[in-house]
Amino acid sequence: MAGLAADLDGKRSILTGGATGIGAAMVRAFAGQGAYVEFLDLNAEAGAKLASELGARVRFHHVDLTDTDALQACIGEIAGARGVDILVNGAANDMRHKYEDVTPDSWRSTLAVNLDHQFFCAQSVLPVMRAQKAGVILNFGSIAWREGLADAVGYVTAKAGIEGLTKSLAREAGSDGVRVNCLLPGFVRTERQVEKWLTPELEATVMERQCLPRYIEPQDIADVALFLCSDAARALTNQTIVVDAGWT
Ligand SMILES: NC(=O)c1ccc[n+]([C@@H]2O[C@H](COP(=O)([O-])OP(=O)(O)OC[C@H]3O[C@@H](n4cnc5c(N)ncnc54)[C@H](O)[C@@H]3O)[C@@H](O)[C@H]2O)c1
């Protein structure tokens, strides 16, 4: 493999939420660099289809990440059998909700998918990474919390928390050579964004607010993720990297 992320060849990666959107672009990108890819997702059909296209180094695990016992068992099995060098926490659910309608149960389930799983996945891989004195964890946040996106208070709260989670784990695990960073995408043209939210009005806003008047595609985010998980970023930890085409 050539290029800046050439050292990813043979690296063992675990990705959450790899069946669709940015996650699927990252699964393809890591596989394209020769990495082993294990990805966990709720979407059985899309996950199995993607894995079947990419060969034996890519394996799909059908897991509901809000089931902490199931995610820990899955990651424990992967880390025990194959080991792990890289964890990318990409799964999320940006469901909209009025704050007036939030109940204790709906609040817990929003945080479970958007925040809790990132911590419990990290907790599951850190003993292995710390023992081998190397590893990379990449958490996915969003510019949504810095923007104060309305009608998504649970999602926005989770995305704010991920930056604190990142900084705390970077400090704790850095002494053993483990890097922990957070990637904040701007508006990325995924299938879901196009289907659910992309109106002509939103397109006009995106093109006006971004310095670069072009859509950010999933591959744009996957390329930055490759860099952040590679040795090219070996001195980079405890950071939030914003990839938003200059949104202001
Ligand atoms: N697309 C954007 O514009 C954008 C902007 C800012 C941040 N982000 C962040 O980037 C990451 C990827 O976003 P995306 O747009 O590709 O999202 P997406 O909705 O297209 O994909 C998310 C994936 O997570 C999976 N998932 C959801 N709930 C799950 C659960 N309980 N268990 C297992 N898997 C589950 C889904 O099946 C899906 O494959 C997310 O963390 C998101 O918050 C995206």
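Worth a mention:
- Relative frequency of Cα-Cα separations exceeding 14 Å in the stretch 1-91, percent: 60 percent
- Tail weight of P(r) past 20 Å, computed on alpha-carbon pairs of the stretch 107-226, percent: 52 percent
- Hz values of 3J(HN,Hα) by residue in the stretch 225-235 - Karplus curve (6.51, -1.76, 1.60), Gly and Pro given as x: 4, 4, 4, 5, 8, 9, 5, 4, 9, 4, 9
- Most to least packed among 128-135, 145-152, 197-204, 114-121 [average Cβ atoms within 10 Å]: 114-121, 128-135, 145-152, 197-204
- Overall shape: prolate for the stretch 159-219, with the ratio a/c of the largest to smallest alpha carbon gyration tensor axis at 1.5 or above and a/b above b/c.
- Three-way shape call for the stretch 26-75 based on the alpha-carbon gyration tensor, with the a/c threshold at 1.5: prolate
- The chain: mean projected area of Cα convex hull, nm²: 13.1 nm²
- Taking Cα atoms only, the orientation of helix 200-209 departs from the longest principal axis of the chain by about 70 degrees.
- Computed [θ] at 222 nm, helices only, for the chain once each DSSP H run of length n ≥ 4 contributes -39500 (n - 2.57): -14500 deg cm²/dmol
- Taking amide H as placed 1.01 Å from N in the peptide plane, the amide H of residue 58 sits under 5 Å from that of 37, each at least 5 places away or on another chain.
- Cross-link partners of residue 159 among lysines, defined as those whose alpha carbon lies under 21 angstrom from its own and excluding same-chain residues fewer than eight positions apart: 98, 167, 196.
- Cα-based shape type of the stretch 110-165, given that a ≥ b ≥ c are square roots of the gyration tensor eigenvalues and the cut on a/c is 1.5: prolate
FYI, it's all coordinate maths here, none of it is from the lab. Only a predicted model underlies this, so the values are computations on that prediction, with no experimental measurement involved. Using ideal geometry, Cβ is built from the backbone for each residue, glycine included, and neighbour counts are taken over all protein chains shown.
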